[in-house]
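Below is one structure; the comments refer to it alone.
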Amino acid sequence: MYIVLALIVAAAIGIAAHLVLPGRHLRGVTLSTAIAVGSAAVVYAAMTWIAGEQSVWTWVAAVAAPAAIAFAATAALSAVRRRRDAAELMRLGLEPAAR
């Protein structure tokens, strides 16, 4: 049942990543949250096998890894979307709007 706490914290981290990083108009509202929760589930499950459910390292990893993964993935996906949108506008012969 402790995994639910880790997933709730990861969801909050994902929401923070969406709100803090620029380019919100380039990605879906739940993208960052889904990335954070998914990575938290994997990290928490792996750490319970490695260090045990009550270990402090399980909780450190269950908070730190999703934060790093969510912020990095969100920034990377926003940059990719920005480049692809600009390339598509160029292909269509349109001028990209300044943002």
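Brief remarks on what is shown
- Counting only DSSP H runs of at least 4 residues, each contributing -39500 (n - 2.57), and dividing by the residue count of the chain, the helix-based mean residue ellipticity at 222 nm comes to -27000 deg cm²/dmol.
- What you get for the chain, charging only the Cβ of Lys and Arg (+1) and of Asp and Glu (-1), is a dipole of about 400 debye around the Cα centre.
- Ordering of 53-59, 70-76, 17-23 by burial proxy (mean other Cβ atoms within 10 Å per residue, highest first): 70-76, 17-23, 53-59
- Furthest towards positive pole of dipole, Leu26, Ala87, Ala51, structure part the stretch 2-92, Cβ charges: Ala87
- Under 5 Å between amide hydrogens, built in the peptide plane, is the criterion, and for Leu21 it picks out nothing among residues at least 5 positions away or on other chains.
- The length gained by stretching the chain between Tyr2 and Ala86 to full extension, at 0.36 nm per residue less their Cα-Cα distance, is 25.8 nm.
- Computed on the stretch 2-92, with alpha-carbon pairs under 8 angstrom and 6+ residues apart, the relative contact order is 35 percent.
- When the Cα positions of Ile69, Gly14, Pro96 are compared along the charge dipole of the chain, Pro96 comes out farthest toward the positive end, with charges on each C-beta of Lys, Arg, Asp and Glu.
Readers should treat all values here as calculations from the given coordinates under stated rules, not as data from a laboratory. This structure is a prediction, so every number in the text was calculated from the model and none was measured. FYI the Cβ positions are ideal-geometry reconstructions off the backbone, even for glycines, and counts take in every protein chain you see.
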